[in-house]
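Trainee: Handing you this structure, nothing more for now.
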Amino acid sequence: MSFWPPRWAATLVAFAAAAAAVAAVPSAREQLLRAAGWALVVNEPVEPADIIVISLDSAGAGALEAADLVQSGIATRVAVFTDPPSGEDHEFIRRGLPYDDASARQIRQLNWLGLTDIVQIPRTESGTEGETQVLAPWCDQHQFQAVVFVAARDHSRRVRRMLDRVMKGHPTRVMVRPARYSTFDPDRWWETRDGVRKEIVEFQKLVLEAVVHPMSF
């Protein structure tokens, strides 16, 4: 009696053979790794806008990017998201200790860079999801026609997809700008432990975004 392996076994063998071939050729391996890194990064042109919005997770890199955009004439105003306390933050506040507010820190950095026309966007939910959810009604309220959204480089592709979904039906055009000073380097991410961690975590989130919201892709 002959034995035939299941179809998925043959597929695994094919993938293993392809991986072995790539590993055997260093140049092909690096090309594949770079492609994986750039899969997380959106690269689109930005044009003059009503305001520049900075995501909190872009941190200082986002503040630097916003300052450069203002300097280049893209916009004169900058917005940052509020950073409501959560988790252990409430306990620090209860004990009368300073709450390390990421939003206030980002505003200080913008001030150091010479920017003074800064507004805050209220939010109640943390994370990228919380930011994108409040952006649409906030833009409607202020009747903005165009906005530049500065995101951490490794989050920018996922942010683009999320914004495409939440801004549907709203008149504001949102352009995503990855922060160039982010620590994630799509051309060399595999050389550091932090780069590998970011690639794996963010790629998983991007895949989950595709599975949960397939029509956004």
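Trainee: What's the FRET efficiency of ARG105 with ARG188 using the Cβ-Cβ distance as r and R₀ = 35 Å, to the nearest 0.05?
Mentor: Taking R0 as 35 Å, the efficiency between ARG105 and ARG188 is 0.80.
Trainee: Between SER86 and GLN141, what is the FRET efficiency for a Förster distance of 22 Å, r being their Cβ-Cβ separation, to the nearest 0.05?
Mentor: Efficiency at R0 = 22 Å is approximately 0.35.
Trainee: With unit charges on the beta carbon (Lys/Arg positive, Asp/Glu negative), name the residue among GLN141, VAL207, SER156 whose Cα is farthest towards the positive pole of the charge dipole of the chain.
Mentor: My answer, from the dipole projection, is VAL207.
Trainee: Pop the C-beta distance of ARG94 and THR124 into the FRET formula with R0 = 25 Å and round what comes out to the nearest 0.05.
Mentor: After rounding to 0.05, the efficiency reads 0.80.
Trainee: About the Cα centre of the chain, how large is the charge dipole given +1 on each Lys and Arg Cβ and -1 on each Asp and Glu Cβ? Please answer in debye to the nearest 20.
Mentor: 540
Trainee: Further, regarding this structure: Using just the helices of the chain, give the 222 nm mean residue ellipticity in deg cm²/dmol: DSSP H runs with n ≥ 4 each add -39,500 (n - 2.57), and the total is spread over all residues, rounded to 500.
Mentor: Calculated at 222 nm, the ellipticity per residue is -16000 deg cm²/dmol.
Trainee: Classify segment 23-103: rounded, prolate or oblate, from the alpha-carbon gyration tensor (a ≥ b ≥ c, eigenvalue square roots; a/c under 1.5 rounded; otherwise prolate if a/b is larger than b/c)?
Mentor: oblate
Trainee: Have a look at ALA39, ALA151, ALA63 and tell me which one the Gaussian network model of the chain (Cα, springs below 10 Å) gives the largest fluctuation.
Mentor: ALA39
Trainee: Sorted from largest down, give the three principal axis spans of the alpha carbons of segment 51-187, whole angstrom values.
Mentor: 44, 34, 31
Trainee: Return the single residue from VAL207, VAL176, VAL148 with maximal mean-square fluctuation; model: Gaussian network over the chain, springs between Cα atoms under 10 Å.
Mentor: It is VAL207.
Read-outs: derived from the displayed coordinates by stated rules, not from any lab. Quick caveat, the model's predicted, so the values are computed rather than measured. Glycine gets a Cβ as well: all are built from the backbone with ideal geometry, and neighbour counts include every protein chain shown.
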